[in-house]
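All of the numbers you see were taken from the coordinates with simple rules; none came from a lab. Only a predicted model underlies this, so the values are computations on that prediction, with no experimental measurement involved. As a convention, Cβ positions derive from the backbone with ideal geometry for all residues, glycine included, and neighbour counts pool all protein chains shown.
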Amino acid sequence: MSCSLFFDVCTQKEITKPISNCKVSEGRSTFILSAKRPLIFEKVKFDNCKCEISQPNDERCDWVIGPKDHEKLYFVELKGGDIVKALGQLESAVKIIKPSKKFECHIVKSGGSGSVPSFSTKFQILQKKFRRINGEIFSPHTNLHTIHI
């Protein structure tokens, strides 16, 4: 499915007016896309989405954000602590949407500390998998993360 088709069929998307910062938050975790110039952003609260392209029990990340006329799609998981689960949610969201353009996956965690042994292995596997399909996944960020586009 193309990214534009995903946003076309999703009835729960938000379309912003032209803004410079697109912010999503949950608990103490915040993710911001900061643009050099005002852009229109399409965003979907994907874990609550009733889109026809996924099943109610499918694991999904919290947000999918697509800046209009931009070359990337952003998958965002805002987590309290279970970062291993976040990997599964991101992987599942990518499988559902099948992005046709470059994409990035981000985890912003509000709590927890240190590394989790099973996380490293799963993270490396996903890194390789996503690179093959034109995507990237980044190490978890803490509390607030801003991407400049």
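What is the ratio of the Cα radius of gyration of the stretch 80-149 to 2.2 N^0.38 Å, with N the residue count, to two decimals?
Compactness ratio reported: 1.10.
Pulled fully out, how much extra length does the chain show between K50 and T121, if you take 0.36 nm times their separation in residues and subtract their Cα-Cα distance? Mind dumping the intermediate values first?
Values: separation 71, 0.36 × 71 = 25.56 nm, distance 3.17 nm.
That pair, K50 and T121, stretches by 22.4 nm at full extension.
Restrict the search to the stretch 64-101; then list the GluC sites (Glu not before Pro) that DSSP places in a loop and that have at most 11 other Cβ atoms within 10 Å of their Cβ.
E71
Using 0.36 nm per residue, how much length does the chain from T16 to D82 gain when fully extended, once their Cα-Cα distance is taken away? Display every interim value, and only then the final one.
Working: separation 66, 0.36 × 66 = 23.76 nm, distance 3.02 nm.
20.7 nm is the gain from fully extending T16 to D82.
Between K36 and N143, what's the calculated FRET efficiency when r is the beta-carbon distance and R0 is 30 Å? Round to 0.05.
The pair K36/N143 has a calculated efficiency of 0.80.
Name the residues whose placed amide hydrogens come within less than 5 Å of the amide hydrogen of H141, ignoring near sequence neighbours (fewer than 5 apart) on the same chain.
For H141, the qualifying residues are I107, V108, K109.
Using the beta-carbon distance between D69 and R28 and R0 = 25 Å, what value does 1/(1 + (r/R0)^6) give for FRET efficiency, to the nearest 0.05?
It comes out at approximately 0.20.
Loop only per DSSP, at most 11 neighbouring Cβ atoms within 10 Å: give me the trypsin sites (Lys or Arg not before Pro) in the stretch 18-103, ordered by residue number.
Within the stretch 18-103, the qualifying trypsin sites (Lys or Arg not before Pro) (loop, at most 11 other Cβ atoms within 10 Å) are K50.
For the stretch 16-149, how big is Rg over Rh, using alpha carbon atoms and the Kirkwood form of Rh? Don't jump to the answer; show the numbers that get you there.
Working: Rg = 14.2 Å, Rh = 15.0 Å.
Expressed as Rg/Rh, it is 0.94.
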